[in-house]
Amino acid sequence: MATTPRAAVFGSTPWGKEWIRRVEPIAVTRPNPMLPRARSLVRNDSVVVNRNQIGEFRCVVSAGMKCETAVLSLPRYTATERKSVMRILARHTRGGASSGDLPDEVHADLVAEKLSPVPDATGASCTCSGRIDPCLHVTAATYAISLIVDQMPTSALAVRGVDLSAATTVKDVPRRWMPIENLDSTAFFG
């Protein structure tokens, strides 16, 4: 018996929920008719997110016959803020953050110390000519980003300029183990 695929759950962790609050604020005066269309675009894979840039998420949204580029900009953490984030990470991640996952306690501690992964100063721009703020493309991009940070919370910190490879130290790896990057594949496999 075939089952229908489950719809994407947006904001299933505190990491993604924080992004969803950007387009679905708690104190709303009227429903936003754009939200179902934006969620549908994400579920139909019409949003491509390039999260390799520090300080911004650049998204290409295909809505109908047009493709628009939505950019969500975030300020980088200052050097002092980065040290505080690294302290919080060291407290909660014994095995390192190399898997991309972080405990929800890390998010709670970041918010408590006013180091939220999604700051109030988040900027958004789009190549469309829409007059509504945020437009459909920025809203769809926000939903897509929420899915990404739900699956890999480290991306929320990496875009703010936190070098997560520095959070994983050599002491995180048991002494009998060797990082796979240190193996010479031709010598190992022959």
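A few notes on this one:
- Residue satisfying all of: in region 145-190; among the acidic types (Asp, Glu) and surrounded by 11 or more Cβ atoms within 10 Å (Cβ to Cβ); modelled with the lowest pLDDT among these: Asp172
- Identification of helices (runs of 4 or more DSSP H) wholly contained in region 29-128 with 1 or more residues that are without any contact (Cβ under 8 Å) to a residue 40 or more places away in the chain and closer than 14 Å to Arg160 by Cβ yields 79-92, 104-112.
- Failed criterion for Cys135 (all others in (1) closer than 22 Å to Val49 by Cα; (2) surrounded by fewer than 19 Cβ atoms within 10 Å (Cβ to Cβ); (3) out of contact with any helix residue (DSSP H, G or I) (no Cβ under 8 Å at 6 or more places or on another chain) hold): (2)
- Restricting region 1-45 to residues that are hydroxyl-bearing (Ser, Thr, Tyr) and touching a helix residue (DSSP H, G or I) at 6+ places or on another chain (Cβ under 7 Å), the residue that is modelled with the highest pLDDT is Thr13.
- The one condition from (1) surrounded by fewer than 18 Cβ atoms within 10 Å (Cβ to Cβ); (2) closer than 13 Å to Ala144 by Cα that Leu72 does not meet is (1).
The values are calculated or read from the model by the stated rules, or taken from the named source; none is laboratory data. Model, not experiment: these values are computed from the prediction. Please note: Cβ atoms are built from the backbone with ideal geometry, for glycine as well, and neighbour counts cover all protein chains shown.
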